[in-house]
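Scroll down for the structure; my scribbles are underneath it.
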Amino acid sequence: MSLGNWLDITRKRHAKRWTLVFFLILAGLFVANFFIYPHHPEYQYDIYPGFWAVFGLLVALVMVIVMKKIVYPLITGPEDSSDDR
Amino acid sequence: MTGSFIHPAAWFIGLALILPFLGGGFWWRWLLPIPAIAAFISVVTADHGLYGYIPYLGQFLILGRVDRLSLVFAHVFAIQAFIGIIYAFHVKEKAHHIASLLYVAGSFGCTFAGDYISLFVFWELMSVSSTFLIWLRRNPVSTRAGFRYFLFHTLGGLFLLAGLLLRYKAVGTFSFDLVNQANAQFYDWLILIGFAVNAAAVPLHAWLPDAYPEATVPGAVFLCAFTTKTAVYVLARGFAGFDALAIAGTVMAVYGVLYAAIENDARRILSYHIVSQVGYMVAGIGIGTAMTVNGAVAHAYAHILYKGLLFMGAGCLLHAAATSKLSDLGGLVGRLPWVMLLYMVGAVSISGMPFFNGFVSKNMTIFGAVAAHHMLIGVFLEVAAVGTFLSVGIKLPYFAFWAKPDNPIELRPIPKNMYLAMAIAAALCLAQGLYPRLLYSLLPNPVQFDPYTGWTLLQAFMLLSFTGFGFYLMKKVIAPHAGRNLDFDVLYRLVGRAFVYVVCKPISLLDDLWTEAYRAGGLRGLLRLAGGARWFDAKGIDTVVDGSAYTVRGLGRAGARIQTGNLQDYLAWAAVFALVLYAIVWW
């Protein structure tokens, strides 16, 4: 079976399984943060476990919502087509 | 002088000059990789020192300033030139290869220039030759984008020229050295603005996401590497430690990712991420400590490799599917699995995933910023890191390769050399991630930084995975739509139109008035004069003049052939002329 076939079959049949693996990884990283932490915190708050997890998630959510829901409708226009001037 | 140095630009200019005369099939393409290989050998065997003195205006121009800072940039430029040429190996159009060879030569020329005049000459060579990599796409959209690109770079070049001339008047030298922020004069800031245009500093950045997505498929691979990184080099050389750059860089880093989050065209997303990634470098240079300048240089090196890889991946999509719009792509993972895999190597590299080269370079800048007590800059650079993984690492590949069950879109076969070029870039991204010494040993300052500790690994994986979780929750919202988003280029166009209006209206008014006055008064007098002149002409002049008239007509025909009325042709001739002139002066 070629790589392409395998990837196609995987994504069509086993999507749920991979989602589960992804959530397990998220949980694992969060738990690991209780045991592995910075000796000299870079910023004031990253001494708290899960700080960078919350940071990543929140920044991603806020960025998508603000840009796509608020900014995008204001600044989007037609594409540069080959016949306009 | 002891030591030796062969200027890498000489190899590229040499091939570009003989390429037009090589005929008889396609064999000449085997010559294309030679300058890049020769340049790499030139770089690794070069001895530090100053080479290539040219007496000029009672001073010396220096073509070859060879030190650690110029060598590290030249090192990666040679590698990327090789990769780009492999990627373009199937292109039969000589003009394309000549444009890319001269463009790379310009980049090397700037990197080794020890004075502002040589820098300016190579700077303009880059600007002209890179414009052709956009025009050679040969469609109306790219023609217009190329004009806008060229006009804006001309403007930037003029800032540089004005600055260097005023500086010469004030200090009496063209020498290109580090400026101390405390002593910076008006002309230094003009030069800085000229550099900032090429570094795509917000709000002077809009030419980049406007033009790069319209370039040819292999052209964009060259463009994404050389213009902005040459600008990073000259900033590091001349303006390290400028606070304004620390702020500008941070703004760029965040601004680029915000726009990329709502873009639809794959190559435009990547273009906005050039703005963002160059922001890291500009910020590092602006903070100006040994660690952050190292971080900026390391990031420039890593960036050239992974950004080239990303543009090659997006270029494969455009080549195969004839579109790079995410709204038209999707579901292609089964049909282009290797494009996806190689693209993903670039994507995780740019996102700073451990074991890839972005991780070992990006963190150097961020930790350096924090170590220099610039907490806020550090935090915003982490925000940009989240945005980078969100758009380049997940959104782009998800909507290009997954998202739809199947995509019936017709795919052209992708030439093997394109895969080979991507594989080389991917291997280098991984190798530098696994063995950071490969990169760190080239940096200008000594490195005391270990990127791999338990905590930095966990932090990076946590940040990236939970960004992924954010995407998972927002999958429906972030889905791209067709459309062109407004950016500062609209402002440029507005200013341009206003300028044309102001110039045209009063002048055309004056012209009308003059025509009126002329018709009323001048014409009658002129007719009388003409009568006299005709008599004189018929009696005396004809016999003398006819001979020279034939000569003039011949010259006029030759002139008319060159004057096609296309700015493209004029530019090409001007570039050839300038090169020849410069070569004569050098001689």
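Each value in this text was obtained by applying a stated rule to the coordinates, not by laboratory testing. The structure presented is a predicted model; accordingly, all values stated were derived computationally and were not measured. Because the Cβ atoms are built from the backbone with ideal geometry, glycine has one as well, and the counts that use them run over all protein chains shown.
Need the list of lysines near B:K229 for cross-linking: C-alpha distance under 27 angstrom, and skip anything on the same chain fewer than eight residues off.
Filter leaves B:K94, B:K307, B:K325, B:K362, B:K395.
Under the rule of at least 5 residues apart or a separate chain, name every residue whose amide H is placed under 5 Å from the amide H of B:D115.
B:I62, B:F176
Taking R0 as 35 Å, what's the FRET efficiency between A:Y43 and B:F60 from their Cβ-Cβ distance, rounded to 0.05?
For R0 = 35 Å, the calculated efficiency reads 0.10.
In square nanometres, what is one fourth of the surface area of the convex hull spanned by the alpha carbons of the stretch B:116-218?
Across all orientations, the stretch B:116-218 yields a mean hull projection of 6.8 nm².
Picking from B:F226, B:L329, B:P209, whose Cα lies most toward the positive end of the charge dipole for the stretch B:209-339 (charges on Cβ: Lys, Arg +1; Asp, Glu -1)?
B:F226
Counting only other chains, what is the mean number of Cβ atoms within 10 angstrom of the Cβ of each residue in peptide A:66-78?
5
Is the shape of the stretch B:207-283 best called rounded, prolate or oblate, per the rule: a/c under 1.5 gives rounded, else a/b larger than b/c gives prolate, else oblate, with a ≥ b ≥ c the square roots of the Cα gyration tensor eigenvalues?
Oblate.
Taking the Cα centre of the stretch B:378-514 as origin and charging only Cβ (+1 Lys, Arg; -1 Asp, Glu), how large is the dipole, in debye to the nearest 20?
320
List the residues whose amide H sits under 5 Å from the amide H of B:K325, counting only those 5 or more places along or on another chain, with H placed 1.01 Å from N in the peptide plane.
For B:K325, whose amide H was placed from the backbone, the distant partners under 5 Å are B:A266.
Give the residue from A:F35, B:I478, B:F186 lying farthest towards the positive end of the charge dipole for the protein assembly as shown; charges sit on Cβ (+1 for Lys and Arg, -1 for Asp and Glu) and the dipole is referred to the Cα centre.
Of the listed residues, the answer is B:I478.
Mind checking the dipole of chain B: about its Cα centre, +1 per Lys or Arg Cβ, -1 per Asp or Glu Cβ, Debye to the nearest 20?
Dipole of chain B, to the nearest 20 debye: 1080 debye.
What average count of beta carbons from other chains do you get within 10 Å of the Cβ of residues in B:468-478?
Averaged over the peptide's residues, the number is 5.
Charges only on Cβ, +1 for Lys and Arg, -1 for Asp and Glu: so what's the dipole of the stretch B:256-344 about the Cα centre, in debye to the nearest 20?
About 100 debye.
Can you bin chain A into rounded, prolate or oblate? Criterion: square roots of the alpha carbon gyration tensor eigenvalues sorted a ≥ b ≥ c, rounded for a/c under 1.5, prolate for a/b above b/c, oblate for the rest.
Oblate, because a/c is 1.5 or more while a/b does not exceed b/c.
Give the lysines whose C-alpha is closer than 17 Å to that of B:K92, dropping any in the same chain fewer than 8 places away, or say none.
The qualifying lysines are B:K416.
To test your reading of the geometry: what angle, between 0 and 90 degrees and rounded to tens, separates the Cα axis of helix A:3-13 from the longest principal axis of chain A?
80
Considering only the other residues whose Cβ falls under 14 Å of the Cβ of B:L270, what net charge follows from Lys and Arg at +1 and Asp and Glu at -1?
Local net charge: +1.
Positive end of the dipole of chain B, charges at C-beta (+1 Lys, Arg; -1 Asp, Glu), about the Cα centre: which of B:V278, B:S361, B:A371 has its Cα farthest in that direction?
Selected residue: B:V278.
Is the stretch B:412-469 best put as rounded, prolate or oblate by its Cα gyration tensor, with a ≥ b ≥ c the root eigenvalues, rounded for a/c under 1.5, and otherwise prolate when a/b is larger than b/c, oblate when not?
oblate
Is there a simple number for the mean count of other chain Cβ atoms within 10 Å of the Cβ of residues in B:364-375, and what is it?
Average neighbour count from other chains, rounded to a whole number: 1.
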